[in-house]
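Working notes for the structure below.
The values are calculated or read from the model by the stated rules, or taken from the named source; none is laboratory data. The model shown is predicted, which means the values in this text are computed figures rather than measured ones. Cβ coordinates were reconstructed from backbone atoms using ideal geometry, including for glycine residues, and neighbour counts include every protein chain displayed.
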Amino acid sequence: MEEINSEEVWYTHTLSKWKRAIIDVKDVMALLKYRDVRSVLNWCKEHDVFVLNQGNTQVVNQAEFILAFYKPFLKHLKRTKENWKELFMDYVCGNVSGILTEKRDKPISNHYSPKTKLETSFLKKMKNL
């Protein structure tokens, strides 16, 4: 009977996790619906997604790409929802029941307080009109 090397099992397990943590630039091209790899590289540069060159292959970190791709949506959720983290995870993971449950809106603050002397004097002048 063949003996199982625990180091080999660990390496195989780690390698399979690593393969899921990176995305080939050509797959990113399909996700972004671009026709040219150069456009993808420009998009990555503009959105601060690091592109790793390894031989003939270019890859990006999956988590970094997801955060860059959803950045406008994240900003929207942060502005409008208190539980934006749970909501975002529900969207990314496709948890429809979590999305459809009642979510708490962020309270909108109507109170403004001036931060500089110029703002204070301007508000005083406006009240005196």
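Report the residue count in segment 107-127 for those that are of a type in the set (Val, Ile, Thr) and at pLDDT 80 or above. Going through segment 107-127 one residue at a time, the tally reaches 2. Based on what the data block shows, is Glu102 modelled with pLDDT of 95 or more and loosely packed, with under 11 Cβ neighbours inside 10 Å? No; evaluated as a whole, the condition is false for this residue.
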